[in-house]
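**Student:** Encoded as structure tokens, here's the structure I'll be asking about.
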Amino acid sequence: MSTLIRIWRNLAPGAAFEVCLRPHLERLWRLAVRLQGNPDDAEDLLQELLERAWNNRRQLLALDAPGPWLAKVLYRLHVDRWRRRGVLGDAATLESAELDPGQPLASDGERALLSAVATDELLAAVQRLPEQQRAVLLLYDGEGYTLEEIAGIVEVPVGTVKSRLHRARAAVRAAFAEGTEAAPVACTELEAAGGGR
Amino acid sequence: MMDCHSVQDALDDLRDGRLNARSAAQARGHLRECPACAAQAADAERLRAVLGGPVVPLRPAVLEGLRRRAGDGRRRLTAAASLVLAVAAGALWWGQQAAAPTPTDWLADGWESRTVHLALDSERALEGVQFSLELPTGVEVQGHPGRSSLHWQDDLTVGANRLSVPLVLQAGAGGEVVARVEHEGRSRELRVSLENL
């Protein structure tokens, strides 16, 4: 814990809480926006996190590196929100079909498919991914968390994180390969969400 | 020689510098020779650039909410609260030099570490109290070389409020450490001399 936090901690826990949280707030906000897809829901999610963090401030202030803990709680709250909306059903809707690990993950030729794709179309394709793949893609490519940090945040082994990353990227590429349609599980999620995402 | 599957599996490790030199050279060599894998790598970079783009800024109201949360809204300022009346007792004193101090091998010769303690016993809860700690020449806050004063704002709870500040003292340093507490135009000053060590 930094010297300044130790200084404030002895005076008032409230000040120490704010000092502890402030350096992580911007990154958590960006992650909330990316996960929720819009700033209004992201703000609600962040407020939930602040509430949870305040209620666990003693544990939080004892951590040398509170960032991953905060991200893990934020992710759990995000998943809870998705479940309440009924978007996330059983485990079958969370992952696309297994890809044959013996082959390269894309067999759609030698073109860089995504360079000509507009940003909003790419973002829309990412939004259509199964949630567990989308989340690790946003954590890794969106916010630069390491594979080990992501494994802690989503509470799966590092190998599973890598696997989900590969599948997510393959699915996004497949969405823009000629003659490819979105995976059925993504359509299910869109229908359950009322087509809002 | 790495095959396509191995290279595609290692793209993130290559980008993040986690491959050893030999594997990194093999992977780069493969990417130069293999259009399909080069396309994969280009698409992964495109996706990362898009997902890592800027988001809507965090509203200041959220930060204010954090401060209110940290300030604990259950506290109340009484109309008649004043620093002089509320703070019934204050003291500033040196802590004992530890027999086995925390690792000080980072200290230059002629410097020693000491803690100064500030105690304020308040009859009322006070919000927005201004604190300052002025240090004489040859005395610094640990971890903040060259800094001869601290200024911060915090709240006082009813009863005992304690603050411990780790300092480093240069041999031969003299003078006083002065703690000043201000609230709504009234202030209180506490002093402790280095000669009291």
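**Student:** Which FRET efficiency value, to the nearest 0.05, is calculated for residue B:123 and residue B:152 with the Förster distance at 25 angstrom and r the Cβ-Cβ distance?
**Tutor:** The pair residue B:123/residue B:152 has a calculated efficiency of 0.65.
**Student:** Can you give the mean number of other chain Cβ atoms that lie within 10 Å of the Cβ atoms in peptide B:16-23?
**Tutor:** Mean inter-chain Cβ contacts per residue within 10 Å come to 1.
**Student:** Cβ under 14 Å from residue B:2's Cβ, residue B:2 left aside: what net charge do those residues give with Lys, Arg +1 and Asp, Glu -1?
**Tutor:** Taking every Cβ under 14 Å from that of residue B:2, the sum is -1.
**Student:** So, one more: Quick check: pseudo-label points 7 Å beyond the Cα along Cα→Cβ at residue B:62 and residue B:195, how many nm apart are they?
**Tutor:** 5.5
**Student:** Okay, next question. What does the average come to when, for each residue of peptide B:54-62, you count the partner chain Cβ atoms lying within 10 Å of its Cβ?
**Tutor:** Mean shielding count: 5.
**Student:** Students often check this: by mean Cβ neighbours within 10 Å, which of A:117-129, A:159-171, A:65-77 ranks highest, and how do the rest follow?
**Tutor:** Descending mean neighbour count gives A:159-171, A:65-77, A:117-129.
**Student:** Hey, rough spin-label estimate for residue A:116 and residue A:38, points 7 angstrom out along Cα→Cβ, what's it come to in nanometres?
**Tutor:** In this crude label model, residue A:116 to residue A:38 measures out at 3.3 nm.
**Student:** Could you sort the peptides B:1-10, B:48-57 by per-residue average Cβ neighbour count (10 Å cutoff), highest mean leading?
**Tutor:** Highest mean packing first, the order is B:1-10, B:48-57.
**Student:** Which ³J(HN,Hα) values, rounded to whole Hz and listed in residue order, are derived for the range B:19-35 from phi using the Karplus coefficients 6.51, -1.76 and 1.60 in 6.51 cos²θ - 1.76 cosθ + 1.60 with θ = phi - 60°, glycine and proline given as x?
**Tutor:** Those phi angles translate into 7, 6, 4, 5, 5, 4, 5, 5, 5, 5, x, 5, 5, 5, 9, 10, x Hz.
**Student:** Between residue B:178 and residue A:84, what is the label-to-label distance in nm when each label sits 7 Å out along the Cα-to-Cβ direction?
**Tutor:** In this crude label model, residue B:178 to residue A:84 measures out at 5.4 nm.
**Student:** Something else about it: Using each residue's phi in the range B:42-59, evaluate 6.51 cos²θ - 1.76 cosθ + 1.60 at θ = phi - 60° and report the 3J(HN,Hα) Karplus result to the nearest Hz, with x for Gly and Pro.
**Tutor:** Result, ordered by residue: 5, 5, 5, 5, 4, 5, 5, 5, 6, 5, x, x, x, 10, 4, x, 5, 6 Hz.
**Student:** For residue A:51, what accessible surface area do you get with a 1.4 Å probe? Give it in Å², rounded to 10.
**Tutor:** 80
**Student:** In addition: Between residue A:59 and residue A:127, what is 0.36 nm times their sequence separation minus the Cα-Cα distance? Round to one decimal in nm.
**Tutor:** 21.1 nm is the gain from fully extending residue A:59 to residue A:127.
**Student:** Rounded to the nearest 0.05, what FRET efficiency is calculated for residue B:18 and residue B:187 with R0 set to 41 Å and r the Cβ-Cβ distance?
**Tutor:** Working from the Cβ atoms, E equals 0.15.
**Student:** Another question about this same structure. Averaged across the residues of B:32-45, what count of C-beta atoms belonging to other chains lies within 10 Å of each residue's C-beta?
**Tutor:** Across B:32-45, the average partner-chain Cβ count within 10 Å equals 5.
The values are calculated or read from the model by the stated rules, or taken from the named source; none is laboratory data. Here the structure is a predicted model, which is why all the values come from computation and not from measurement. Every residue, glycine among them, receives a Cβ derived from its backbone with ideal geometry; neighbour counts consider all protein chains shown. Keep in mind that these areas ignore ligands, DNA and RNA; they rest on the heavy atoms of the full protein, side chains included. Shrake-Rupley method; radii C 1.70, N 1.55, O 1.52, S 1.80 Å.
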